[in-house]
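The values are calculated or read from the model by the stated rules, or taken from the named source; none is laboratory data. Nothing here was measured: the structure is a model prediction, and the numbers come from that model. Here the Cβ is made from the backbone with ideal geometry for all residues, glycine too, and neighbour counts use every protein chain on show. Note: accessible area is taken over every heavy atom of the protein model, side chains too, but ligands, DNA and RNA are not part of it. Shrake-Rupley method; radii C 1.70, N 1.55, O 1.52, S 1.80 Å.
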Amino acid sequence: MTRTRDHDACPGALTVHRAADGALARIRLPGGVLTADQLGALARVAAEFGSGTMELTSRANVQIRGIGGDEAASAVADAIAAAGLLPSATHERVRNIVASPLSGRAGGVADIRDWVHRLDAAIQAGPALAQLPGRFWFGIDDGRGDVSGLAADVGVHVLDDDTVALLLAGRDTGVRLQPADVVAAMTSVAARFAAIRGKAWRIAELTDTGPLLTGLARTADAGSTWPPVTHPPVGWIPQADGRVALGAAMPLGLLPARVAEYLAAIEAPMVITPWRSVLVCDLAEGVADAALRVLAPMGLVFDETSPWLGISACTGSPGCEHSMADVRADAARAVTTPAAAHRHFVGCERACGSPRGAQVLIATGDGYRLRTP
């Protein structure tokens, strides 16, 4: 499908989206990584200038809604920059990198955390990459198969210590890379897309992806895909170094500023996941136990059998003028109804934030209908 609209309205921290409930700022977090101080800063921004609640996105980013007026939007951007979350004004909307969130701590074939940092630096250093659409994103899977099934525009999947598969739109291209060549290959593909994309915003919208692989040799069979993962890692997660990570899901991806302040008070590294959850990492067992006792009563989900893990929603009414219903309220009511698959409630045909592999329920103004493939 080719887009018919030239203007890319995807929001950022500097280019906000004017929604029905005020301006919306989206803060990119490559690999979902942020410090406790940065989370605390975002919580203060959301409380002072926004709705008081942050939204976690399916690209492991953070959104702040309900920002009133240009002066407030400018203050938000200044605060985000002061927190170290806006390293490039020209590339801030294209730093979309999703990576296996537990990489280097628990499971996976390789530790790809350094790849995230190097890819982010390479994106910012490439003038042509500033022209990528805000929806374009990169995926780095450490071999466990959690990110590759989400179908990033340009992805890599670790096969073993020395071999990495290059993916386009979630499909194996047959190109095999050495770890040292991963970042250069991903940025070269992205630069070619920026040059030839026309009105396409995503690689899946191109009719011919061959030109994107110029200079990259296919040495294996192409076409393999990975099933989408829809549930986040939650609960008590032992790390390889003997410490603990706590996985906390947010019902409907909503993180109140006050709860974020408690998370920040733990003073531990954080990772936002593409399943709208948070990992609090590198904890001693005693600290993890105390944090769990404090956070669980605040509504965070640590139980991997919780029905909240199987349901999500777009913003809906009243925040979105396109929505036909208050989909979050409807999703919250439906959480007690068992379902075989993940359900995503949306207020219109655009179906924003729909996770792969989910049943998408579209509001009609008189109930919901199931989106057909």
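For the reader, a short list of remarks on this structure follows.
- Accessible carbon and sulfur surface of the range 261-373 relative to its total accessible area, %, 1.4 Å: 54 percent
- Linear extension gain, Q359 paired with A222, 0.36 nm per residue minus alpha-carbon span: 46.5 nm
- Per residue, in Å², the accessible surface of the range 307-373 once ligands and nucleic acids are set aside, probe 1.4 Å: 53 Å²
- Peptides ranked, highest mean first, by Cβ atoms within 10 Å: ranges 197-204, 364-371: 197-204, 364-371
- Overall form of the chain per C-alpha gyration tensor (a/c, 1.5; a/b vs b/c): rounded
- Expressed in Å, the radius of gyration and Dmax of the Cα atoms of the range 100-258 are 16.6, 52.
- Surface per residue (accessible, 1.4 Å probe) for the range 117-209, Å²: 35 Å²
- Helix-derived mean residue ellipticity, 222 nm - over the chain, DSSP H n ≥ 4, -39500 (n - 2.57), to 500: -7000 deg cm²/dmol
- Neighbour net charge for P30 - beta-carbon separation under 14 angstrom, K R +1, D E -1: +4
- Percent carbon-and-sulfur accessible area, the range 114-158, ignoring ligands, DNA and RNA, probe 1.4 Å: 53 percent
- Max mean-square fluctuation residue, GNM over the chain, Cα-Cα springs under 10 Å, options E55, E92, E285: E285
- Counting only protein chain heavy atoms and rolling a 1.4 Å probe, the accessible areas of T336, T315, T273 rank, largest first, as T336, T315, T273.
- Helix screen, the chain: DSSP H segments with Cα axial length of 18 Å or more and mean Kyte-Doolittle hydropathy at least 0.0 are 36-49, 69-82, 182-196.
- Per-peptide average of other Cβ atoms within 10 Å, ordering 276-283, 154-161, 316-323 highest first: 276-283, 154-161, 316-323
- Descending by average beta-carbon neighbour count within 10 Å, the peptides 40-47, 253-260, 16-23, 295-302 line up as 40-47, 253-260, 16-23, 295-302, the highest first.
- Local electrostatic count at R356 - Lys and Arg +1, Asp and Glu -1, tallied over other residues with Cβ under 15 Å: +4
- With the alpha-carbon atoms of the range 102-169 aligned to their principal axes, the span from lowest to highest coordinate is 35, 22, 20 Å, starting with the largest.
- Within the chain, percent of DSSP bridges classed antiparallel, to nearest 5: 75 percent
- Alpha-carbon centroids, the range 30-102 and the range 266-322: separation in whole Å: 17 Å
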